[in-house]
Amino acid sequence: LNSSDIFINDTVIININILKYAFGIKYTGNEWTAPGEYWKFASQISKPVLLVKDMKYFFEILLKQNSGMDHLEIAWSLNRDNGTFSVITSEFLSLYEDESSLQMGDIDHIPQTKASYDRLLEPIPLSPHPEGDLIREDPRDHIYKHLFPECHYNPKFLISRVYDVKPLNVASKQTAIVANSCRTAGNIVMSQSHAMPIVRAFLNALHSREETRGYSLLRVVNVVRREDKDVGNRYLVELELVGPQGQKALVSHYVYALAEDSEKQTILCSPKAFSWNPSATVHIIVAVKNQARWIIQFIREMEKVYRATGDKNFNVIIIDYNSSDIDIKKRLKKATLPSYKFKKMDGNFQRTGGLQAGIDLVEDEHSILFLCDLHLYYPVNIITSIRKHCVEGKMVYAPVVMRLDCGASPRAPAGFWEVLGYGLMGIYKSDMDRIGGMNTREFKDKWGGEDWELLDRVLGNGLEVERLHLRNFFHHFHSKRGMWESNNQG
């Protein structure tokens with residue numbers, strides 16, 4: 001036995017007053033016991049628990065197994081000197097509810113305890129009209145318009161020609177220290193000495209105009225730099241300002257700073273045709289087959305985002321390859337979502353084919369597609385993050401997800417940044433159509449590599465790729481069992 005937790009409630013009615021005892025307080029992964037060995041670790045034996053005769057008690061068991069043989073025993077003993085433990089046998093056990101007629105996706109009968117904690121039970125403050133909300137049109141957020149002169153924007157790092165080259169195994173050129181640190185370190189933090197000159201230049205431009213002179217800086221929310229060596233740098237500047245009447249406004253704007261002598265004052269301009277649309281509709285697209293519990297988890301994550309933000313300009317699209325373990329359409333009808341689309345497909349699961357089917361359901365070419373997978377936990381600001389880092393005709397967004405280790409969770413995260421994958425991508429529908437969509441011909445019945453093939457076409461068509469490590473964006477560890485047909489692996 002590696003590690004396990006047992007949760008038991010004190011009445012037949014499920015409530016939050018749950019008593020917990022665990023096998024091991026802090027695990028190294030090497031703990032084990034033999035059957036009937038109840039005294040090896042102090043934490044194997046719980047504190048006394050009062051149980052009343054003929055009363056039913058709901059309990060849950062979580063078992064985490066490493067390599068080797070596993071076993072799980074639950075034994076009880078009267079609380080008296082020289083008491084002996086005996087295993088709780090089947091005559092004292094029963095299901096909480098008869099599940100013989102239920103599908104894998106039917107989970108509403110499962111009580112929520114600390115063991116099966118659902119974050120949607122946690123109250124989320126609803127604010128339909130938050131001050132300075134980035135996702136709504138607001139005159140206060142447009143104070144930057146015509147603030148800077150427009151400048152031509154054609155960064156040197158864009159690919160103008162495509163060459164066939166011999167692949168270079170970059171990993172072979174790196175030490176283990178570099179490879180490991182790169183997978184656990186986040187975004188490179190810009191120093192204050194680099195960020196504040198940009199902020200001051202922004203404020204100077206603001207104060208040079210009569211209509212915006214009364215605004216002052218409340219706080220610097222975010223400054224993101226994209227270097228264009230020897231030419232200049234592009235910045236996403238996000239500031240919280242306060243007006244003369246105390247009103248707050250959030251400003252989120254792309255600016256460009258030409259490379260100048262360090263002693264000269266920084267001069268900003270607005271890169272031509274390079275701005276993000278705060279009201280663009282974002283379509284979250286996922287293809288699934290027979291992943292009932294994870295489909296429910298995905299829908300709940302989308303509900304969480306909607307409840308926290310009230311953002312009505314996003315749409316959930318699920319392409320289902322004839323799942324037999326859940327009625328997805330029924331589940332979507334019950335969900336608290338601003339909008340959704342659902343399409344059923346026949347045949348073996350195809351990621352590229354499913355995503356393309358979802359793309360084809362989107363009619364507005366000026367909306368944003370976000371190609372994603374199941375098994376993800378999303379930050380509540382995911383929709384705004386996608387909007388801010390997608391610029392039509394100019395830039396796509398490929399956020400880096402943290403891949404959780406086995407046994408880790410968003411509440412206790414441990415893992416590494418998945419820097420090698422580009423399968424999670426935000427891109428405008430018009431840009432996706434222009435580059436040819438998903439490659440359903442080469443990746444029809446296999447998976448692996450389709451993300452890099454898509455990335456090649458994105459770059460080959462002159463689009464930038466914004467690559468940021470996104471906080472609270474997690475990929476949950478999971479088994480691959482049942483995910484793909486045997487002939488689908490490439």
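Quick look at the numbers
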| read-out | value |
| --- | --- |
| Residues (assigned to a loop (DSSP other than H, G, I, E, B) and either aliphatic (A, V, I, L, M) or not assigned by TED's automatic domain parsing to the domain that holds Trp452 (or both)) located in the stretch 408-422 | Ala408, Ala414, Val419, Leu420 |
| Qualifying residue in the stretch 262-270 (condition: loosely packed, with under 14 Cβ neighbours inside 10 Å and closer than 22 Å to Glu464 by Cβ) | no |
| Residue within the stretch 374-385 that is part of a loop (DSSP other than H, G, I, E, B) and either outside the structural domain of Trp452 (by TED's automatic domain parsing) or acidic (Asp, Glu) (or both) present | no |
| Top-ranked residue in the stretch 219-240 [being aliphatic (A, V, I, L, M) and within 29 Å of the chain's Cα centre (by Cα); ranked as surrounded by the fewest Cβ atoms within 10 Å (Cβ to Cβ)] | Val221 |
| Residue under evaluation Ile285, criteria (1) in contact with a Gly (Cβ under 6 Å, 6 or more places away or on another chain); (2) among the aliphatic types (A, V, I, L, M); (3) closer than 26 Å to Tyr153 by Cα; (4) at pLDDT 90 or above, criterion not met | (3) |
| Residue within the stretch 389-398 that is of a type in the set (Lys, Arg) and without any contact (Cβ under 8 Å) to a residue 60 or more places away in the chain present | no |
| Among the residues listed as Asn277, Asn290, the single one being on the phi > 0 side of the Ramachandran plot and either surrounded by 15 or more Cβ atoms within 10 Å (Cβ to Cβ) or part of a helix (DSSP H, G or I) (or both) | Asn290 |
| Selection from the stretch 423-436 of residues that are part of a loop (DSSP other than H, G, I, E, B) and either at pLDDT below 90 or surrounded by 16 or more Cβ atoms within 10 Å (Cβ to Cβ) (or both) | Gly423, Leu424 |
| Flag if Ala308 is farther than 30 Å from Pro149 by Cβ, in contact (Cβ under 8 Å) with a residue 24 or more places away in the chain, in contact with a Lys or Arg (Cβ under 9 Å, 6 or more places away or on another chain) and assigned by TED's automatic domain parsing to the domain that holds Cys372 | no |
| Qualifying residue in the stretch 338-359 (condition: at pLDDT 95 or above, surrounded by fewer than 19 Cβ atoms within 10 Å (Cβ to Cβ) and of a type in the set (S, T, N, Q)) | yes |
| So Asp325, is it out of contact with any helix residue (DSSP H, G or I) (no Cβ under 8 Å at 6 or more places or on another chain) and either of a type in the set (Phe, Trp, Tyr) or assigned to a loop (DSSP other than H, G, I, E, B) (or both) | no |
| Long-range neighbours under 9 Å by Cβ, at least six apart or interchain, first residue more than 19 Å from Phe349 (Cα to Cα) within the stretch 438-460, second charged (D, E, K, R) and surrounded by 15 or more Cβ atoms within 10 Å (Cβ to Cβ) | Val458/Asp431; Val458/Glu464 |
| Qualifying position, being within 18 Å of Glu150 (Cα to Cα) and out of contact with any helix residue (DSSP H, G or I) (no Cβ under 6 Å at 6 or more places or on another chain), among Ser216, Ser208 | Ser208 |
| Residue count for the stretch 437-449, restricted to those that are in contact with an Asp or Glu (Cβ under 8 Å, 6 or more places away or on another chain) and either crowded, with 19+ Cβ neighbours inside 10 Å or modelled with pLDDT of 95 or more (or both) | 2 |
| Among (1) at pLDDT below 95; (2) surrounded by fewer than 18 Cβ atoms within 10 Å (Cβ to Cβ); (3) not hydrophobic (A, V, I, L, M, F, W, C), the one test that Glu363 misses | (1) |
| Selection status of Gly214, in contact with a Pro (Cβ under 7 Å, 6 or more places away or on another chain) and not assigned by TED's automatic domain parsing to the domain that holds Asp405 | yes |
| Given (1) surrounded by fewer than 16 Cβ atoms within 10 Å (Cβ to Cβ); (2) farther than 17 Å from Gln356 by Cβ, index of the condition Gly415 fails | (1) |
| Matching entry among Ile319, Ile295 (being touching a residue at least 40 places away in the same chain (Cβ under 8 Å) and either buried (at least 21 other Cβ atoms within 10 Å of the Cβ) or more than 30 Å from Glu227 (Cβ to Cβ) (or both)) | Ile295 |
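The values are calculated or read from the model by the stated rules, or taken from the named source; none is laboratory data. These figures come from a predicted structure and were not determined experimentally. Here the Cβ is made from the backbone with ideal geometry for all residues, glycine too, and neighbour counts use every protein chain on show.
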